[in-house]
Amino acid sequence: QVQLVESGGGLVQPGGSLRLSCAASGSIFSISAMGWYRQAPGKQRELVANTLRDGTTTYADSVKGRFTIARDNAKNTVDLQMNSLRPEDTAVYYCNSVLRIANILPQRSYWGQGTQVTVSS
């Protein structure tokens, strides 16, 4: 069984910073992608940032220059450093990983339980 455990959410004032962390554990053969999505009330879940095993990263336009994703392949972790936070960044943030639990099985997408980020004065 695979688990993604997130930490680091909370309440921050506009312009502040937060760091989210996610650790994948369990029966993992290989991980191809790790990243973060978010879902605000009444909106669809959207990609924030993700990173492939080779280091290729993708960011949503709305967070470019403010957020940085960092992955540790040896530890199966991914962090999201969020700076210059805005009220519109308020959402539940979900860790995502695309991985295999065995060489003969196809890749599957796994999700964390979500962590609330609230940006408000």
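Miscellaneous remarks
- Between Gly55, Gly26, Gly42, the Gaussian network model of the chain with springs among Cα atoms under 10 angstrom shows the greatest mean-square fluctuation at Gly42.
- Linear extension gain, Thr58 paired with Gln1, 0.36 nm per residue minus alpha-carbon span: 17.8 nm
- This model, with +1 at the C-beta of Lys and Arg and -1 at the C-beta of Asp and Glu, gives the chain a dipole about its Cα centre of some 120 debye.
- Each peptide in 27-35, 105-113, 77-85 was scored by the mean count of other Cβ atoms within 10 Å over its residues; highest first, the order is 77-85, 27-35, 105-113.
- Segment Ala40-Gln107, length gained on full extension (0.36 nm per residue, minus Cα span): 21.4 nm
- Per-pair calculated FRET efficiency, R0 = 30 Å: Ser121 and Asn73 via Cβ, rounded to 0.05: 0.20
- Semi-axes of the equivalent ellipsoid for the stretch 1-77, Cα gyration tensor, largest first, Å: 23, 15, 13
- The value obtained for the stretch 44-121, namely the Cα convex hull volume divided by the number of residues, is 117 Å³ per residue.
- Using a probe radius of 1.4 angstrom, the carbon and sulfur fraction of the accessible surface of the chain is 48%.
- Overall, the anisotropy analysis places the stretch 28-70 in the oblate class: the square-rooted eigenvalues a ≥ b ≥ c of its C-alpha gyration tensor yield a/c not less than 1.5, with a/b not exceeding b/c.
The values are calculated or read from the model by the stated rules, or taken from the named source; none is laboratory data. Please read these numbers as outputs of a predicted model, since none were measured by experiment. Note that each Cβ is placed from the backbone with ideal geometry, even for glycine, and that neighbours are counted across all protein chains shown. For the accessible areas, the whole protein counts, side chains as well, though only heavy atoms, and no ligand, DNA or RNA atoms are used. Shrake-Rupley method; radii C 1.70, N 1.55, O 1.52, S 1.80 Å.
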